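Have a look at the structure below before the remarks.
Readers should treat all values here as calculations from the given coordinates under stated rules, not as data from a laboratory. These numbers come from a predicted model, not from an experiment. Methodologically, a virtual Cβ is constructed for each residue, glycine included, from the backbone with ideal geometry; neighbour enumeration extends over all protein chains shown.
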Amino acid sequence: MTISNVGIVGCGLMGHGIAQVASQGGCEVTVVEADADALEKGLKRIDGSIAKLVEKGKLTAEAAAGVRNRLHPSTRIQDLSNCDLVVEAIVENLDVKKKLFADLGKITKENCILASNTSSFPIGEMGDASGRPGKMVGLHFFNPVQLMQLVEVVRTPKTEEAAFAAAFEFGKRCGKTPVAAKDTPGFIVNRLLVPYLLEAIRMIERGDATPRDIDTAMRLGCNFPMGPVHLLDYVGLDTTQFIADGWEKRYPNESLFKVPGILKKLVAEKKMGRKSGRGFYEWEGDKPKA
Ligand SMILES: NC(=O)c1ccc[n+]([C@@H]2O[C@H](COP(=O)([O-])OP(=O)(O)OC[C@H]3O[C@@H](n4cnc5c(N)ncnc54)[C@H](O)[C@@H]3O)[C@@H](O)[C@H]2O)c1
């Protein structure tokens, strides 16, 4: 099964990157947004990213024009009727995603593969909503998509082998290294990363060590490029809380997923980290204050 026509729904932070790498991989890409303004914003991001690649000599002007010409913007999901694969990258809300997949199940061709870029929801539930669970996979790209090498390709017990294999090949075509994951909370990366981050917060809560010492320990002791508390603040405390909240509700007996009180408190006080200037650290632009 070859994938040539790809649909991307949502052209935000993730969707614009996925659309770009799919086009760079030679696919014809229909990008669907909720409205014309959001679409224009997403396309501007792509143009900016392509221009940088040309500037750095990583893409010729001719290749850049090809990437842009293979992108077909739209505000109608009906325009995805001829796609071999549709990747959803809309808001992280399961009900909204299920509604979209129910529509996609009706609009797309019968052998079209349906994929979600969700970070935290079960792929199987979206597959069931689509009415085509055999064609449903997760394609979990990482931010920023243009730079991050990994894509997790997620299969549910109902995913057909051919659909999984085609999605895996698509990941390669986007220039990424795909890994196979099952439909378990957090797949591979977040299943390891989120409990690690939450445990760092619990260490602070217990008074075991300071944020700075935890970060120094993991940087110098494990050669991690960034310590966990720095990373939490960098990504946004609300993002980690959102994922952990959902998992705690869904898996109340898993102690690794329990949301620490100080995380809830900081988010309630709008101390989200880098984006709000204050989290576990105080921030000056892109860097925590010394
Ligand atoms: N941000 C990250 O670091 C990251 C990493 C991996 C996965 N994800 C996942 O990717 C998905 C998208 O996240 P994001 O950060 O790009 O969000 P975002 O808010 O930047 O982009 C979402 C876009 O979807 C559009 N949209 C919403 N509903 C729509 C609809 N029904 N039809 C068409 N467009 C619609 C919005 O207008 C918006 O532009 C989420 O599921 C998120 O969990 C995010």
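Of all residues in the range 205-216, which are free of Cβ contacts under 8 Å to residues at least 24 places away in the same chain and buried (at least 16 other Cβ atoms within 10 Å of the Cβ)? Hits for the range 205-216 are Ile214, Asp215. Residues in the range 227-285 that are touching a strand residue (DSSP E or B) at 6+ places or on another chain (Cβ under 6 Å) and within 16 Å of the ligand (Cβ to nearest atom): Asp233, Gly236, Leu237, Arg274. Taking the criterion of being surrounded by fewer than 18 Cβ atoms within 10 Å (Cβ to Cβ) and part of a loop (DSSP other than H, G, I, E, B), would at least one residue in the range 232-241 satisfy it? There is at least one residue in the range 232-241 that is surrounded by fewer than 18 Cβ atoms within 10 Å (Cβ to Cβ) and part of a loop (DSSP other than H, G, I, E, B). With the requirement that a residue be crowded, with 19+ Cβ neighbours inside 10 Å and in a helix (DSSP H, G or I), what does the range 126-153 give you? Answer for the range 126-153, where residues must be crowded, with 19+ Cβ neighbours inside 10 Å and in a helix (DSSP H, G or I): Met126, Gly127, Ala129, Ser130, Pro133, Lys135. In the range 13-42, the residues that are farther than 20 Å from Glu92 by Cα and among the polar types (S, T, N, Q) reach residues that are within 11 Å of the ligand (Cβ to nearest atom) and outside any loop (DSSP other than H, G, I, E, B) with C-beta atoms within less than 7 angstrom, at least six apart or across chains, in these pairs: Thr30/Gly7; Thr30/Ser74; Thr30/Leu80. Annotation note: of Ala63, Ala19, the sole residue that is more than 26 Å from Ile188 (Cβ to Cβ) and surrounded by 13 or more Cβ atoms within 10 Å (Cβ to Cβ) is Ala63. Looking at the range 154-229, what helices (runs of 4 or more DSSP H) fall wholly within it and have at least 1 residues that are farther than 19 Å from Gly273 by Cα and touching a Ser or Thr at 6+ places or on another chain (Cβ under 8 Å)? Ranges flagged: 161-173, 189-206.
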